[in-house]
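J.: Before I ask anything, let me first share the structure, which is written out below as structure tokens.
The values are calculated or read from the model by the stated rules, or taken from the named source; none is laboratory data. Quantities reported herein were computed from a predicted structural model and do not represent experimental measurements. Counting neighbours? That spans all protein chains shown, and the Cβs are built from the backbone with ideal geometry, glycine included.
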Amino acid sequence: MIKNPKITKSKFQGWAILPLIIFFIILFLLFHQLQILNTDTPLYIGTLFICISIYLIITIFFLELRTKVIKVSIENDRIIKKSFLGLGLPKVYKLANITGYKISNISSKVGTYEYLYLIANSKKVVKISEFYHRNYEELKIDLIQKDIKNLGIEQWSFFRETKETFE
């Protein structure tokens with residue numbers, strides 16, 4: 001008898017859409033600023049606003065939407081990751097190629113959230129977060145039950161996170 005494979009799929013927290021909303025607001029403000037740049041706004045203020053906007057757009061797009069606000073499916077022998085709230089192209093990782101996982105705690109004004117990084121070939125390939133994923137504990141338990149090796153705790157660093165995003 002063929003047994004149905006167990007599939008665990010991630011579920012987003014309600015606020016997981018916020019980076020996308022903020023992204024479009026900043027994009028709108030950037031285009032608006034570009035349109036009024038030739039008016040009474042001093043050049044240095046307009047330039048500063050444009051630089052900050054571009055930095056925020058890149059950060060939200062590449063650091064949050066591409067690597068953290070992801071849809072994850074854990075099947076018998078593979079993990080499927082889709083970036084951009086699950087709208088991106090799927091990337092499939094065989095569990096046999098996953099070296100292990102690391103845990104990191106990220107503090108904010110609201111609280112501390114745990115992140116689980118799946119490592120393959122010394123790179124973080126999947127980032128599952130308690131902040132963005134409503135069923136984080138279920139995903140974590142499923143991965144641990146698949147005998148993925150615990151590689152320890154990693155101190156979170158914004159600079160390292162940014163660097164790894166663009167590698």
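J.: Of these, Leu87, Leu29, which one is modelled with pLDDT under 90 and either closer than 26 Å to Lys124 by Cβ or surrounded by 11 or more Cβ atoms within 10 Å (Cβ to Cβ) (or both)?
T.: Unique residue meeting the criteria: Leu29.
J.: I would also like to ask the following. Just one of Glu167, Glu154 is loosely packed, with under 15 Cβ neighbours inside 10 Å and modelled with pLDDT under 95; which is it?
T.: None of the other options fit; the residue is Glu167.
J.: Next up: Could you check, for region 45-53, whether at least one of its residues is modelled with pLDDT of 95 or more and either in a helix (DSSP H, G or I) or surrounded by fewer than 16 Cβ atoms within 10 Å (Cβ to Cβ) (or both)?
T.: no
J.: Could you run through region 64-81 and say how many residues are surrounded by fewer than 17 Cβ atoms within 10 Å (Cβ to Cβ), charged (D, E, K, R) and closer than 22 Å to Gln145 by Cα?
T.: 3
J.: Residue by residue through region 105-128, note down the ones that are among the polar types (S, T, N, Q) and farther than 12 Å from Glu164 by Cβ. Spell out how you get there, then give the answer.
T.: We begin by selecting, within region 105-128, every residue among the polar types (S, T, N, Q); these are 105, 107-108, 112, 121-122.
Across region 105-128, the qualifying residues are Asn105, Ser107, Ser108, Thr112, Asn121.
J.: Let me ask you something else. Could you look through region 1-14, keep only residues that are loosely packed, with under 12 Cβ neighbours inside 10 Å and either among the basic types (Lys, Arg) or not in a loop (DSSP other than H, G, I, E, B) (or both), and pick out the one that is modelled with the lowest pLDDT?
T.: The extreme case among them is Lys3.
J.: Go through region 122-167 residue by residue and tally those that are among the β-branched types (Val, Ile, Thr), under 19 Å from Leu85 (Cβ atoms) and part of a helix (DSSP H, G or I).
T.: Taking region 122-167 and keeping what is among the β-branched types (Val, Ile, Thr), we get 125-126, 128, 141, 144, 148, 153, 162, 165.
Filter once more, so that each one left must be under 19 Å from Leu85 (Cβ atoms): 125-126, 128, 165.
Still in the list and also part of a helix (DSSP H, G or I): 165.
So the answer is 1.
J.: Could I ask something else about it? State whether the residues of region 61-84 include one that is within 19 Å of Thr165 (Cβ to Cβ), touching a His at 6+ places or on another chain (Cβ under 9 Å) and in a loop (DSSP other than H, G, I, E, B).
T.: Yes, there is a match, as at least one residue in region 61-84 is within 19 Å of Thr165 (Cβ to Cβ), touching a His at 6+ places or on another chain (Cβ under 9 Å) and in a loop (DSSP other than H, G, I, E, B).
J.: So, in region 94-109, of the ones that are crowded, with 16+ Cβ neighbours inside 10 Å and not in a strand (DSSP E or B), which residue ends up modelled with the highest pLDDT?
T.: Taking the candidates together, the pick is Ile98.
J.: Please pick out the residue among Thr59, Thr112 that is farther than 30 Å from Leu34 by Cα and at pLDDT below 95. Steps first, please.
T.: Numbers: Thr59 fails: farther than 30 Å from Leu34 by Cα.
Sole residue among the options that is farther than 30 Å from Leu34 by Cα and at pLDDT below 95: Thr112.
J.: Taking interchain pairs and intrachain pairs at least six residues apart, which have beta carbon atoms under 8 angstrom, with the first residue in region 41-58 and under 9 Å from Leu30 (Cβ atoms) and the second modelled with pLDDT under 85 and assigned to a helix (DSSP H, G or I)?
T.: Matching pairs, first to second residue: Phe49/Gln33; Ile50/Gln33; Ile50/Leu34; Ser53/Gln33.
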